[in-house]
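**Student:** Below: one structure in structure tokens.
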Amino acid sequence: MIHTSPLPDVEIPVMSLPAYVLEHAAELGDEPALIDGPTGRVLSYAQLADQVARLAGGLRARGFGPGDVLGVMAPNLPEYAVLFHGVAMAGGTITTINPTYTAPEVHHQLTDAGAALLVTIPMFLEVATEGARGTGVDAIFVLGEATGGAASVLDLIGEPLAEPVPVDPLDDVVVLPYSSGTTGLSKGVMLTHHNLVANIAQVLGATSLDSDDVVMAVLPFFHIYGMQVLMNTALRAGATIITMPRFDLPEFLSLHQQYGVTRSFVAPPIVVALAKHPIVDEYDLSHVQQFFSGAAPLSAELAAEASGRLGCEVVQGYGMTEMSPVSHLTTFGGFKPGSVGVTAPNTETNIVDPASGSSLGVGEDGEVWVRGPQVMKGYLNNDVATAETLDADGWLHTGDIGHIDADGHLFIVDRLKELIKYKGFQVPPAELEALLLTHPAVADAAVIGLRDEEAGEIPVGYVVLRPDAAATPEDIQEFVAGQVAHYKQVRVLHVVDEIPKSASGKILRRILRDQAEADG
């Protein structure tokens with residue numbers, strides 16, 4: 001059976017993303033839109049709208065517009081929203097890059113996305129410059145003081161754009177975040193203006209987030225969760241966003257106390273700290289009405305432990321980059337232990353038997369399929385991967401196994417897909433396996449994810465060494481660490497005699513996982 005949302009549908013206007021997000025900026029005026037947590041620097045709604053229009057004007061003056069892509073490789077700063085919506089207002093596309101990426105990872109994304117401009121900060125300029133070599137990027141700009149041959153972002157500021165560049169909200173891609181999807185290597189997810197506008201409207205329709213709220217934004221804006229739920233949705237609501245460029249527990253807690261944070265959006269590793277770290281008791285978190293966890297599974301036990309200590313709801317939702325990202329969420333006061341919430345407004349969920357393709361009933365476990373206006377247009381330059389994930393009827397096949405109970409709550413119980421979720425970040429085993437196989441001492445390799453209380457899952461590698469190879473596991477781990485972002489590093493590496501495989505040559509990760517769990 002197809003499950004519809006128990007929540008009422010919401011109106012989804014057909015308009016550009018910046019027009020929707022900043023629609024009320026003028027009337028909000030001097031109200032703080034974003035505050036840089038470490039420095040206290042404030043960007044008001046009026047200043048945000050003005051700077052977005054000026055950046056859009058400057059971009060158009062240099063010929064940047066529809067069909068052009070700008071990469072942003074930066075931590076959470078108030079200016080992130082200016083860059084994001086300035087590019088969108090100019091009719092262009094943003095591709096958001098993880099600032100901890102290595103140069104080869106940056107190079108892949110810039111090349112695949114077809115980026116012409118890149119914005120970063122001085123700390124990441126060296127990696128950004130190296131990653132941009134040999135790509136279509138013809139200029140790099142930095143937030144802050146110009147350095148290292150790069151120009152300042154201020155050089156992009158021009159006269160305010162009088163009229164936004166016309167776009168087709170239903171078809172024009174506004175952002176290209178990169179995701180491993182249900183399997184394989186990183187792919188550009190084509191999200192339209194309408195995809196993002198729809199999901200903002202859906203989230204606001206299911207929550208009570210409004211202009212009285214103060215929102216903590218430590219989860220990165222380059223990630224779809226931070227980009228949409230923390231930045232765009234909170235701005236549309238008229239809330240105040242406190243940005244943190246990196247997570248530091250004492251500062252995180254101090255900012256909650258200082259600004260009276262009412263809604264805090266986190267990932268499971270932060271919930272672990274909130275539940276268990278003694279320093280939490282030193283801070284006043286009484287203003288927080290809800291901690292909302294996303295990006296990775298949160299156990300019912302951990303949510304209950306944190307909730308009991310903090311005296312407020314600790315809930316979770318569900319989604320994917322390919323769904324802009326929210327498809328299921330827990331409404332205020334609607335918490336159910338272990339559930340990721342109910343189907344979002346204007347959205348359908350189908351629980352499907354992976355073997356037969358038939359729909360299943362209430363309480364039966366199957367693959368979770370989702371259909372709604374927030375579902376992506378497809379993967380950039382990858383029709384095959386798009387067809388594997390998005391079917392002709394508009395259903396997105398998530399690769400997750402779950403069931404829906406009689407109250408409409410979704411419970412995720414397993415994964416068909418092989419992605420590892422390390423602290424909310426996607427780690428595709430195939431990427432690490434391919435990299436391990438480039439080491440001269442490695443004859444064969446496999447990577448699995450193992451449960452870890454702090455990280456959710458950690459990448460664990462298995463390698464078969466070539467005859468007479470002298471490399472140690474530590475040597476191979478160091479080799480991998482030098483070529484991937486920190487969250488993709490192989491945390492444990494085992495040398496084995498063979499990698500278990502099926503008759504068709506597919507790695508039997510289940511056998512490796514069962515053996516690892518048996519060994520403790």
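**Student:** Provide a single number: the residues in the stretch 298-328 that are part of a helix (DSSP H, G or I) and either in contact with a Lys or Arg (Cβ under 7 Å, 6 or more places away or on another chain) or more than 29 Å from Asp9 (Cβ to Cβ) (or both). First the steps, then the outcome.
**Tutor:** As a first pass, look at the stretch 298-328 and keep what is part of a helix (DSSP H, G or I): 300-310, 321-323.
Imposing the further condition that a residue be either in contact with a Lys or Arg (Cβ under 7 Å, 6 or more places away or on another chain) or more than 29 Å from Asp9 (Cβ to Cβ) (or both) reduces the set to 300-302, 304-310.
Result for the stretch 298-328: 10.
**Student:** Looking only at residues that are more than 22 Å from Pro467 (Cα to Cα) and open to solvent by 80 Å² or more (accessible area, probe 1.4 Å) in the stretch 494-512, which one is modelled with the highest pLDDT?
**Tutor:** Checking each candidate, the answer is Arg510.
**Student:** Here is a follow-up. So in the stretch 391-410, with the set limited to residues that are assigned to a strand (DSSP E or B) and in contact with a Lys or Arg (Cβ under 9 Å, 6 or more places away or on another chain), which one is farthest from Glu454 (Cα to Cα)? Outline the logic, then answer.
**Tutor:** Initial filter on the stretch 391-410 (assigned to a strand (DSSP E or B)): 396-404, 409-410.
Filter once more, keeping what is in contact with a Lys or Arg (Cβ under 9 Å, 6 or more places away or on another chain): 396, 398-401, 409.
Values: Leu396: 30, Thr398: 25, Gly399: 24, Asp400: 22, Ile401: 23, His409: 26 Å.
That would be Leu396.
**Student:** What are the residues in the stretch 338-359 that are aliphatic (A, V, I, L, M) and open to solvent by 50 Å² or more (accessible area, probe 1.4 Å), if any?
**Tutor:** Within the stretch 338-359, just Ala355 meets the criteria.
**Student:** Search the stretch 464-490 for residues being open to solvent by 20 Å² or more (accessible area, probe 1.4 Å), among the hydrophobic types (A, V, I, L, M, F, W, C) and not in a loop (DSSP other than H, G, I, E, B), and hand back the single one that is farthest from Val272 (Cα to Cα).
**Tutor:** Of everything passing the filter in the stretch 464-490, Leu465 is farthest from Val272 (Cα to Cα).
**Student:** Looking only at the stretch 260-276, how many residues end up being farther than 21 Å from Ser208 by Cα and out of contact with any helix residue (DSSP H, G or I) (no Cβ under 9 Å at 6 or more places or on another chain)?
**Tutor:** First, pick out the residues of the stretch 260-276 that are farther than 21 Å from Ser208 by Cα: 268-276.
Restricting the remaining residues to those that are out of contact with any helix residue (DSSP H, G or I) (no Cβ under 9 Å at 6 or more places or on another chain) gives 269.
Adding up the residues that qualify gives 1.
Here's the yes/no breakdown for (1) at pLDDT below 95; (2) small (Gly, Ala, Ser); (3) buried (at least 24 other Cβ atoms within 10 Å of the Cβ):
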| site | (1), (2), (3) |
| --- | --- |
| Thr182 | yes, no, no |
| His194 | no, no, yes |
| Thr207 | yes, no, no |
| Val214 | no, no, no |
| Arg236 | no, no, no |
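**Student:** Just a yes or no: is a residue in the stretch 110-118 farther than 19 Å from Met190 by Cα and either modelled with pLDDT of 95 or more or assigned to a helix (DSSP H, G or I) (or both)?
**Tutor:** Within the stretch 110-118 (the criterion being farther than 19 Å from Met190 by Cα and either modelled with pLDDT of 95 or more or assigned to a helix (DSSP H, G or I) (or both)), the answer is no, since none of the residues qualifies.
Conditions (1) assigned to a strand (DSSP E or B); (2) farther than 20 Å from Val495 by Cβ; (3) modelled with pLDDT under 90; (4) not charged (D, E, K, R), marked per residue:
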{"position": "Glu433", "(1), (2), (3), (4)": "no, no, yes, no"}
{"position": "Ala443", "(1), (2), (3), (4)": "yes, no, yes, yes"}
{"position": "Arg451", "(1), (2), (3), (4)": "yes, yes, yes, no"}
{"position": "Ile458", "(1), (2), (3), (4)": "yes, no, no, yes"}
{"position": "Tyr462", "(1), (2), (3), (4)": "yes, no, no, yes"}
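**Student:** Note down all Cβ pairs under 7 Å where the first residue falls in the stretch 216-236 and is within 16 Å of Val189 (Cβ to Cβ), the second is among the hydroxyl-bearing types (Ser, Thr, Tyr) and surrounded by fewer than 24 Cβ atoms within 10 Å (Cβ to Cβ), and they're at least six residues apart or on different chains.
**Tutor:** Ile224/Thr321
**Student:** If you go through the stretch 331-353 one residue at a time, how many are farther than 27 Å from Glu388 by Cβ and either at pLDDT 90 or above or of a type in the set (A, V, I, L, M, F, W, C) (or both)?
**Tutor:** So the answer is 5.
**Student:** Which condition number does Val203 fail, the rest of (1) buried (at least 23 other Cβ atoms within 10 Å of the Cβ); (2) among the β-branched types (Val, Ile, Thr); (3) closer than 26 Å to Lys488 by Cα being met?
**Tutor:** It fails just one condition, (3).
**Student:** Looking for whichever is in contact with a His (Cβ under 7 Å, 6 or more places away or on another chain) and over 28 Å from Val137 (Cα atoms) here; the options are Val14, Val42, Val10, Val52. Which one fits?
**Tutor:** Answer to the selection: Val14.
**Student:** Scan (1) outside any loop (DSSP other than H, G, I, E, B); (2) in contact (Cβ under 8 Å) with a residue 40 or more places away in the chain; (3) open to solvent by 10 Å² or more (accessible area, probe 1.4 Å) for the single condition Asn381 breaks and write down its number.
**Tutor:** Against the list (1) outside any loop (DSSP other than H, G, I, E, B); (2) in contact (Cβ under 8 Å) with a residue 40 or more places away in the chain; (3) open to solvent by 10 Å² or more (accessible area, probe 1.4 Å), Asn381 comes up short only on (1).
**Student:** Output yes when any residue across the stretch 248-260 is touching a residue at least 40 places away in the same chain (Cβ under 8 Å), among the charged types (D, E, K, R) and closer than 21 Å to Glu31 by Cβ, and no when none is.
**Tutor:** Initially, the stretch 248-260 is screened for residues touching a residue at least 40 places away in the same chain (Cβ under 8 Å), giving 251, 255-256, 259-260.
If we keep only those that are among the charged types (D, E, K, R) as well, we get 251.
After this cut, where a residue has to be closer than 21 Å to Glu31 by Cβ as well, the list is none.
No, because not a single residue in the stretch 248-260 is touching a residue at least 40 places away in the same chain (Cβ under 8 Å), among the charged types (D, E, K, R) and closer than 21 Å to Glu31 by Cβ.
**Student:** Residues being touching a residue at least 60 places away in the same chain (Cβ under 8 Å) and either touching a Cys at 6+ places or on another chain (Cβ under 8 Å) or open to solvent by 20 Å² or more (accessible area, probe 1.4 Å) (or both): count how many of those fall in the stretch 23-59.
**Tutor:** 9
**Student:** Do we have any residue at all in the stretch 403-424 that's within 30 Å of Phe335 (Cβ to Cβ), in contact with a helix residue (DSSP H, G or I) (Cβ under 6 Å, 6 or more places away or on another chain), buried (at least 18 other Cβ atoms within 10 Å of the Cβ) and among the hydrophobic types (A, V, I, L, M, F, W, C)?
**Tutor:** The answer is no, given that none of the residues of the stretch 403-424 is within 30 Å of Phe335 (Cβ to Cβ), in contact with a helix residue (DSSP H, G or I) (Cβ under 6 Å, 6 or more places away or on another chain), buried (at least 18 other Cβ atoms within 10 Å of the Cβ) and among the hydrophobic types (A, V, I, L, M, F, W, C).
**Student:** Just give me the residues in the stretch 283-330 being farther than 30 Å from Thr192 by Cα, in contact (Cβ under 8 Å) with a residue 40 or more places away in the chain and buried (at least 24 other Cβ atoms within 10 Å of the Cβ), in sequence order.
**Tutor:** Result: Val314, single match.
The values are calculated or read from the model by the stated rules, or taken from the named source; none is laboratory data. Because the structure is predicted, anything quoted here is derived from the model rather than measured. Cβ coordinates were reconstructed from backbone atoms using ideal geometry, including for glycine residues, and neighbour counts include every protein chain displayed. Ligands, DNA and RNA are stripped out before the accessible areas are found, and what is left, the full protein with its side chains, is counted by its heavy atoms. Shrake-Rupley method; radii C 1.70, N 1.55, O 1.52, S 1.80 Å.
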